[in-house]
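Inspection log for the structure reproduced underneath, given as structure tokens.
Every number in this text was worked out from the coordinates using simple rules, so none of it is lab data. This is a predicted model, so every value here is computed, not measured. When we count neighbours, we look across all protein chains shown, and the Cβ atoms used for this are built from the backbone with ideal geometry, even at glycine.
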Amino acid sequence: MIEMKKIEDTREQYIFTKMFDIEALNTRMVNRIDELGDQMNYTTNVRAYTTHSTLSFQYPEFSEFSKIVEEYAIECSIQMNSDYENHLTRLNHPFWKSLYIDTQVCGVMWGSKYASGEVAIPHDHWPATWAWVYYIDPPENAPGIYFPTLDYEQEIEHGMLIMFSGNLMHEVRSQEFDGYRYVVAGSILTNPWISGIQGIPPEDGPPKDGKVK
Ligand SMILES: [Fe+2]
């Protein structure tokens, strides 16, 4: 039997933000979110119009965007490891960097269209490595993203991509606004089989016995 202890963590959390100027892609993504409409029937943590979570596998504009997100996740991972001296050696260790950083992929991606007052209930993306959210033309007065365990609300802007640890709780609180709050969001997972690891050529795919050769 597993004993599960819950002990409060006082460690600081990292929230990364970066602005992207990708207007042509923004238009294509918003058009697709509009075209798909609500596919989840308010059954996920997002209580607003939301698509399936397979956008990056289905549509070229989201596949293109997933490359941007993956590159950013790697950038954030390097920064986070650089911020604590005991972790610095990892980045100089080719196997470690290859296994945990270079092989980060956008596992799931969905689009949401919030109307005034709509929310996302508190949740995390664990066991994903990172959770991320991207905003396209958020209306004035639209809510930001709120991290309840930090009691911190990150304000949002057009073109802002936010990246944070997959186990960090977050939500969208109800707020009145005009128009629609468009969001593209998802998770980053490490996929050690995709490339670059000595002894595991990508053409072999995942080892059938689950063991690293
Ligand atoms: Fe989320």
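Using a simple charge model, +1 on the beta-carbon of Lys and Arg, -1 on the beta-carbon of Asp and Glu, nothing else, what dipole does the chain show about its Cα centre, in debye to the nearest 20? Walk me through the numbers before you get to the answer.
Numbers: 16 positive and 31 negative charges, 171 e Å.
Dipole magnitude for the chain comes out near 820 debye.
Lysine pair count for the chain with Cα-Cα distance under 24 Å and sequence separation of 8 or more or different chains is 8.
How would you rank 130, 110, 96, going from fewest to most other Cβ atoms within 10 Å of each one's own Cβ? Write out the running numbers ahead of the final one.
On the way: 130 26, 110 23, 96 13.
Taking fewest neighbouring Cβ atoms as first place, the list is 96, 110, 130.
In the chain, a dipole from Cβ-located charges (positive for Lys and Arg, negative for Asp and Glu) runs towards its positive end, and of 88, 145, 15 it is 88 whose Cα lies farthest in that direction.
Is the shape of region 12-60 best called rounded, prolate or oblate, per the rule: a/c under 1.5 gives rounded, else a/b larger than b/c gives prolate, else oblate, with a ≥ b ≥ c the square roots of the Cα gyration tensor eigenvalues?
Values: a/c = 2.17, a/b = 1.15, b/c = 1.88.
Oblate, since a/c reaches 1.5 and b/c is not below a/b.
Fewest neighbouring Cβ atoms within 10 Å first, the residues 160, 80, 4, 29 line up as 4, 80, 160, 29.
Taking the Cα centre of region 1-113 as reference, the dipole from Cβ charges on Lys and Arg (+1) and Asp and Glu (-1) amounts to some 260 debye. Semi-axes of the equivalent ellipsoid of region 38-119 are 33, 15, 10 Å, computed as sqrt(5λ) over the eigenvalues of the C-alpha gyration tensor in descending order.
If you build the Cα gyration tensor of region 2-86 and take the root of 5 times each eigenvalue, what three semi-axes come out, in whole angstrom, biggest first?
Values: eigenvalues 194, 99, 25 Å².
In descending order the semi-axes read 31, 22, 11 Å.
Summing Lys, Arg as +1 and Asp, Glu as -1, what charge do residues with Cβ under 15 Å from the Cβ of residue 36 carry, residue 36 excluded? Neighbour charge sum, excluding residue 36 itself: -1.
Seen from all sides and averaged, what is the projected area of the convex hull of the Cα atoms in the chain, in nm²? Walk me through the numbers before you get to the answer.
On the way: hull surface 57.4 nm².
Dividing the Cα hull surface by four gives the mean projection, 14.4 nm².
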